[in-house]
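Let me begin by presenting the structure, written as structure tokens, before commenting on it.
The values are calculated or read from the model by the stated rules, or taken from the named source; none is laboratory data. All of these numbers come straight from a predicted model, not from anything done at the bench. Positions of Cβ are generated from backbone atoms using ideal geometry, with glycine treated the same way; all protein chains shown enter the neighbour counts. Only protein heavy atoms, including side chains, enter the accessible area calculation; ligands, DNA and RNA are left aside. Shrake-Rupley method; radii C 1.70, N 1.55, O 1.52, S 1.80 Å.
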Amino acid sequence: MHYELEGQKIWVAGSQGMVGSAVVRRLEREGCKILVTTRAELDLSDQSAVFDWLNLKRPDAIVLAAAKVGGILANNDHPAEFLHDNLVIETNIIHGAHITGVDRLLFLGSSCIYPKLAKQPIVEEALLTGALEPTNEWYAIAKIAGIKMCEAYRRQYGRDYISAMPTNLYGPGDNFDLKSSHVLPALIRKAHEAKLAGAESLTIWGTGSPMREFLHVDDCADALVFLLKTYSDDMHINVGSGSDLSIYDLTRLVCSAVGFVGNIEKDETKPDGTPRKLMSAERLRALGWSPQISLEDGIHSTYQWYLDNAR
Ligand code: GFB
């Protein structure tokens, strides 16, 4: 399958977010016309506004990177918003795409769609084979609904809608707010602030033993554009780096990149979440894609981005 992007009109929904903006940067090399919207221009939770906008702009394809996202505590504390906001965005855009005749759409899920205790590395077929991780089941259920919508519109209407499941992402444009962020940007900020304060230690959440896989957002965007050009299948596809490490080891890597030499304390009143979620990268590798940015390089460049932009 080859979907030619040159000359096509591609809407990146969520273009102001970390993933959407990386997809825009990557698509700029493809010779396509990129449509973007700000929150003020188009409220993605407003169904009629989304349908009207699609009717007016008539994109050829959509990358659905818009979502309400957050780290373990944000997910745990705001189940209603994580479920509702994501369902609304997905139904508005996927159904809107169908009724306005958009034939190609790439939906972004998440590795948390898989069962909490799935066999590792997690293959795509593990979806819906077991109970979800309770801290993020609301987000996971919304994302599973999005995957199933793509599958349903393929099956019933022959629409070429596909789904990709990125692992834990990080990079430029990330959220560094300590309450709502994911672990990697939180650790960069904690290590940086501890270094400036001359602190003896920094504190991580949980036991430090959960294993996580990380992928730089520019690698993720490259994989998504690759899939947009080459992939057409009912089955969602994992987008990961293929290796993982413990949160404690990640903390040591971040501290070394930032230059913080103090101790690492643990706040075990905070949740660990799922013990491990390493996705199998085999399906995507077999198609000919693999990541280019090592975790060490990615942490260094993201720290630099934080120093230049986010502080
Ligand atoms: O990245 P994170 O928030 O999300 O946390 P999940 C990963 C692990 O890092 C957990 C630990 O075990 C956290 O307890 N951790 C240690 C920290 N220190 C910190 C810290 O300062 N901040 C944060 N945030 N974590 C999310 C899901 O799960 O992953 C979402 O909730 C989504 O739905 C996302 O799927 C990719 O990997 O646990």
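Quick notes on this structure:
- In this structure MET149 has an accessible area near 30 Å², from a 1.4 Å probe over the protein heavy atoms.
- Average Cα contact separation per residue, region 1-160, under 8 Å, 6 or more apart, as relative contact order %: 22 percent
- When the chain is treated as a Gaussian network with alpha carbon springs shorter than 10 Å, the biggest mean-square fluctuation among GLN292, GLN156, GLN16 belongs to GLN156.
- Solvent-accessible area, 1.4 Å probe, carbon plus sulfur percent, for region 17-134: 54 percent
- Residues whose placed amide H lies under 5 Å from that of VAL12, excluding near-sequence neighbours: LEU35, VAL63
- Helical mean residue ellipticity (222 nm; -39500 (n - 2.57) per DSSP H run of 4+; nearest 500) of the chain: -13000 deg cm²/dmol
- The separation of region 50-82 from region 152-230, counted between C-alpha centres, amounts to 16 Å.
- Springs join every pair of Cα atoms under 10 Å in this Gaussian network model of the chain, and among ALA142, ALA49, ALA67 the largest mean-square fluctuation is at ALA49.
- Among ASP244, ASP174, ASP52, the residue with the largest mean-square fluctuation in a Gaussian network model of the chain, with springs joining Cα atoms closer than 10 Å, is ASP52.
- Residues of the chain: accessible area per residue with a 1.4 Å probe, Å²: 43 Å²
- Measuring only protein heavy atoms, the 1.4 Å probe finds THR203 accessible over about 60 Å².
- In order along region 280-290, the Karplus-derived 3J(HN,Hα) couplings, from 6.51 cos²θ - 1.76 cosθ + 1.60 at θ = phi - 60°, round to 6, 9, 4, 4, 6, 4, 5, 7, x, 10, 8 Hz, and Gly and Pro are given as x.
- The listed residues SER301, SER256 rank as SER256, SER301 when sorted by accessible area, largest first, using a 1.4 Å probe.
- TRP289 accessible area, assembled protein chains, probe 1.4 Å, Å²: 20 Å²
- Placing +1 on each Lys and Arg Cβ and -1 on each Asp and Glu Cβ, with no other charges, gives the chain a dipole about its Cα centre of roughly 180 debye.
- Among the GluC sites (Glu not before Pro) in region 30-94, those located in a DSSP loop and surrounded by at most 10 other Cβ atoms within 10 Å of their own Cβ are GLU41.
- ARG252, ARG154, ARG189, ranked by accessible area, largest first (probe 1.4 Å): ARG252, ARG189, ARG154
- Largest first, the three principal axis extents of the alpha carbons in the chain are 59, 41, 38 Å in whole numbers.
- Residue order for LEU106, LEU73 - accessible surface, 1.4 angstrom probe, largest first: LEU73, LEU106
- Carbon and sulfur %, accessible surface of region 202-311 computed with the full protein complex present, 1.4 Å: 44 percent
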